[in-house]
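What follows is a single structure, written as structure tokens, with notes after it.
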Amino acid sequence: MNLKPVTKKIIWLFAIGQLGWSLMSAILTNFIESFYQPDDVSVSEGMIYFIPQGRVILGVFTVIGGIYALGRVFDAITDPWIGNLSDKSRNPKGRRIPFMKKAAIPLALITIMVYICPAPGNPVAAKLGTNGIINGIWVLVMMLLFYLFMTIYCTPYNALIAELSRDEKTLANISTAISFTFIFGSALGYMAPTIWSAITPMVGSRVWAMRIVFIIMALIAMACCLIPTLTIKEMDYVEVHPTEGNAFHSLAKCFSNREFRIFVVSDICYWIGITMFQTGLLHYVTVLMKLPESFSSILYIAMTFLSVVCYVPVNLLMQKFAKKKMVVFAFLGMCLVFLITGLSGFFHVPGIVSGILVVIFAAFPMATLGIIPQTIVADIAKSDYIVTGENHDGMFFAARTFSMKMGQSLSILLFTSLGTISVATGLGYRIAAFCAIAFCLLGAVILHFYNEAKVQGILKNGFKE
């Protein structure tokens, strides 16, 4: 079968899809906690309560933390199912893009509906009553639907990374492109506080100013998600070999790979740490650094810009150093970022100084962790195919996404609970930052046992054949 070359144009058309889903992920992940569990600063600026507040689930977890975690667990469970359906698909238009095309529009609409509750809120949490229960059920249902359609889009999308990468150079180019669009989408999402702060006086409601921003961003994200599905003919670039067997059999095959198991456990630790940072950034800025909430946008965009500047050196360093070593170094770099964040406001250091230090020290680790982990999964998937003769690309990336979601669900449970500790002083937010350090350190230690030399040896022998 004569396949067309994967040109830079195709790579960037493909990467735009990641911009779309990363923007929708940012809308939900970064602001779901601050929208439904607002801090005192937000309430003083007009935010209201929609669901019950405090640690009301078993006296340990918050309602929004429980909803988010349950959504992520549901999401993680559906990953292998969707990955298996995609791997087995015999659609004449391809195994991946048809799934993505069906998911893009529902995903955007549900992203919007997560933030539009059917029952009114109240400035006083204790007066929510039945409205709080109705809204809580609504948010739970919308979250489950959001993660279902996110999985239907993202799992096939991630599987295409390995399938479009016919050599190491193409893999590096794709990983760099999708890392750029991922971080750009995330940065665009972090512009939301600046925009809603600017339009709140015109709208007359902080809640609706936030909703308007989310609606506009979700529609932009939907258009981006549709671009690769409408411009790339999968069968022109991918040689399709549908697999057999059920999801659990396929998932078991992936986890029978020792190197993949080590990577996944390390990845879970990383996602716990980074999600605590991303979810709490708005609180870190306003409560710990004592800066206006619009600075959260400025800090994240600055981190994004410097991170993109680091893409070229990261790619060059990938040619000279082991990927594992670079990821471990990035983990340690993020630990420093979390340490600066947790200590913000101490030692008479101005908040703006802490913010600048976070931007500077986060840039290179963010670039590294945005590019390299995807290439490690692709390496493991390709080496596994060479050894076993079975192509489970979709399931490998589904399992990696599973680790991300499990890490995020554990993180949001911890963060929302810790965030209720001494809200006025920000003690809980500091504890969360220090917990993030511990998890990233653990992830670095676990990744040390990943045998990269073995995987690369299999790939070299396989490519020669």
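The values are calculated or read from the model by the stated rules, or taken from the named source; none is laboratory data. As the structure is a prediction and not an experimental result, all values here were calculated from the model. Counting neighbours? That spans all protein chains shown, and the Cβs are built from the backbone with ideal geometry, glycine included. Quick note on the areas: whole protein, heavy atoms, side chains included, nothing else; ligands and nucleic acids left out. Shrake-Rupley method; radii C 1.70, N 1.55, O 1.52, S 1.80 Å.
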Can you spot a residue in segment 59-66 that is outside any helix (DSSP H, G or I), farther than 30 Å from Val124 by Cα and open to solvent by 10 Å² or more (accessible area, probe 1.4 Å)? no
Out of Leu317, Leu410, Leu427, Leu369, I need the residue that is within 18 Å of the chain's Cα centre (by Cα) and open to solvent by 50 Å² or more (accessible area, probe 1.4 Å). Which one? Leu410
What about Leu441, is it among the aliphatic types (A, V, I, L, M), open to solvent by less than 20 Å² (accessible area, probe 1.4 Å), over 26 Å from Ile67 (Cα atoms) and at pLDDT 90 or above? no
Criterion violated by Gly94 - all others in (1) outside any loop (DSSP other than H, G, I, E, B); (2) touching an Asp or Glu at 6+ places or on another chain (Cβ under 6 Å) satisfied: (1)
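Condition check ((1) of a type in the set (Lys, Arg); (2) surrounded by fewer than 18 Cβ atoms within 10 Å (Cβ to Cβ); (3) over 25 Å from Val445 (Cα atoms)) across all residues:
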position	(1), (2), (3)
Ile178	no, no, yes
Trp196	no, no, yes
Val203	no, yes, yes
Val207	no, no, yes
Ile216	no, yes, yes
Val264	no, no, no
Ile274	no, no, no
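Condition check ((1) modelled with pLDDT of 85 or more; (2) crowded, with 21+ Cβ neighbours inside 10 Å; (3) over 20 Å from Cys225 (Cα atoms)) across all residues:
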position	(1), (2), (3)
Tyr68	no, yes, yes
Ala76	no, yes, yes
Asp87	no, yes, yes
Ala108	yes, yes, no
Met113	yes, no, no
Pro118	yes, no, yes
Gly132	yes, yes, yes
Trp138	yes, no, yes
If you scan segment 36-51, which residues turn out to be closer than 14 Å to Pro120 by Cα and in a helix (DSSP H, G or I)? Tyr36
Given (1) assigned to a loop (DSSP other than H, G, I, E, B); (2) at pLDDT 90 or above; (3) open to solvent by 10 Å² or more (accessible area, probe 1.4 Å), number of the condition Trp21 does not satisfy: (1)
Show the residue pairs meeting these rules: Cβ distance below 8 Å; 6+ apart or different chains; first residue within segment 45-74 and on the phi > 0 side of the Ramachandran plot; second residue among the hydroxyl-bearing types (Ser, Thr, Tyr). Gly46/Thr200; Gly46/Ser205; Gly54/Thr62; Gly54/Thr420
Matching helices (runs of 4 or more DSSP H) fully within segment 175-262 where at least 2 residues are under 18 Å from the mean Cα position of the chain (by Cα) and among the small types (Gly, Ala, Ser): 206-231
Of the criteria (1) crowded, with 17+ Cβ neighbours inside 10 Å; (2) out of contact with any Pro (no Cβ under 8 Å at 6 or more places or on another chain); (3) hydrophobic (A, V, I, L, M, F, W, C); (4) closer than 30 Å to Gly17 by Cα, which one Phe149 fails: (2)
